[in-house]
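Below: one structure, written as structure tokens.
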Amino acid sequence: MLLLLLSGALAFYILQKLIYKRYWKLGLGISIGFESRSAYEGDTAFLKEEITNDKMMPVPALEVNLAMDRALRFSGEAKENANVSDQSYRRDIFTLFMRQKVIRRLSFVCEKRGFYEITKADVIGYDFFFSRSFHDNRELRTSMYVYPKPVDSRRIALVCRAVSGMVATQNRLFPDPFQFSGIRDYHPSDPMHQINWKASAKGQGLLVNQFDSATNIRMKMILDTEDTGIARRDKLNEEGIRIAASLASRMVKDRMELTVTGNGMKPVVLKEGAGQIQKLYQELACIDIYKQTERIAGELEREKQTLLSEVIYVIISMNQDKETAGAIASLASGGNLVLWVIPEISDLYSRSMEGVPGVTVFRWEMEG
């Protein structure tokens, strides 16, 4: 009797091993994806796992192993089976009965701007006695953008105020004689042809016609992501990208026509519309600050060669070397207004480039 039981157990052991070897992944669905297409630096996002066993045979144990960029760190309960080294690794164990689906949501923190993908999952199945494991690789297609974190709106408002002052200056440089807006007192700097002689004859002094500007002022933002320092300044570079994102968003809301370009990204033309801002955020998310790029001086030189009137330039660059400063000053010498936004460490910044002719300098100080 004992021999019969042992023979039956051995036969069952061998049979289930053969069955699982052949059928363990039949009807086994592995679906893993980011719940959101995008997030901002510092946000908490979620990864959704759907494991389906669509067959009339249970899976006693199924191990699913994932790896994603270490800048996406599992948080909360999701940290229990996770570890971080060169990447963020996650190991999940599932027990699946017949015709069963298991869904899990794994939270993670987006610690850094970037574009992230998960392309595969390693799957390991076990038989009833855990005597043998079966391996499979599943291709995945899931990705998400982590956008630059919005900067302090009050500080962006200060930059916008500087831009608005430049817009007003540009408007005064190019008044439209067909847009009459009223009459005011004469000033010695006013041209004689603007004097309204009829109105002046009725008053106590000379009066001049006043005109509104109808010029189509365009903005062009040039972002410099090259690091020319001896020691890397990633913190300042990332802050420059954040400034570009927040400032562009604010300008579009104010209905300004804006082109954003730089030595580390493709040009993006922005008009009023959320879709275009999203395109810009995606470009900014994909900037690789460790990739060697052209000096911003080359970009500015080409800009000067094709210089158009009625364009206000906003240059965002942490580099204050003579070549960069000279290129910016040369661009301003063409007659267009330039605002240079300089991200810098508050206790380490240099005043060696205190004034560049024709350029308004805005120092964006960060804590060390």
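The values are calculated or read from the model by the stated rules, or taken from the named source; none is laboratory data. All figures in this text were calculated on a predicted structure; none of them were measured in a lab. Neighbour counts run over all protein chains shown; Cβ positions are idealised from the backbone, glycine included.
A few comments on the model shown:
- Condition met for A82 (surrounded by 15 or more Cβ atoms within 10 Å (Cβ to Cβ), more than 30 Å from S246 (Cα to Cα), free of Cβ contacts under 8 Å to residues at least 40 places away in the same chain and more than 26 Å from the chain's Cα centre (by Cα)): yes
- In the range 52-68, the qualifying residues are those that are touching a Gly at 6+ places or on another chain (Cβ under 7 Å) and assigned to a strand (DSSP E or B), and the one that is modelled with the lowest pLDDT is V59.
- Considering the range 1-48, and only residues there that are under 24 Å from the mean Cα position of the chain (by Cα) and not in a strand (DSSP E or B), the residue that is surrounded by the most Cβ atoms within 10 Å (Cβ to Cβ) turns out to be E41.
- Filter result for E117 (exposed (fewer than 15 other Cβ atoms within 10 Å of the Cβ) and within 16 Å of the chain's Cα centre (by Cα)): yes
- When the range 336-348 is filtered for residues that are of a type in the set (D, E) and modelled with pLDDT under 85, only D347 remains.
- Here is the figure for the range 11-38: residues that are aromatic (F, W, Y), free of Cβ contacts under 8 Å to residues at least 24 places away in the same chain and under 20 Å from L140 (Cα atoms) total 0.
- Test: R154 is of a type in the set (D, E, K, R), exposed (fewer than 12 other Cβ atoms within 10 Å of the Cβ) and without any contact (Cβ under 8 Å) to a residue 12 or more places away in the chain: yes
- Any pair with Cβ under 9 angstrom, 6 or more apart, that starts in the range 133-144 at a residue that is farther than 14 Å from V59 by Cα and ends at one that is among the basic types (K, R) and in a strand (DSSP E or B): N137/K120; R138/K120; E139/K120; L140/K120
- Selected residue [more than 26 Å from D136 (Cβ to Cβ) and either of a type outside the set (S, T, N, Q) or in contact with a Leu (Cβ under 6 Å, 6 or more places away or on another chain) (or both)] from D54, D43, D86: D43
- With respect to (1) more than 18 Å from F130 (Cα to Cα); (2) touching a residue at least 24 places away in the same chain (Cβ under 8 Å), the lone exception for G8 is condition (2).
- Residue in the range 114-127 that is touching a Cys at 6+ places or on another chain (Cβ under 7 Å) and assigned by TED's automatic domain parsing to the domain that holds P58 present: yes
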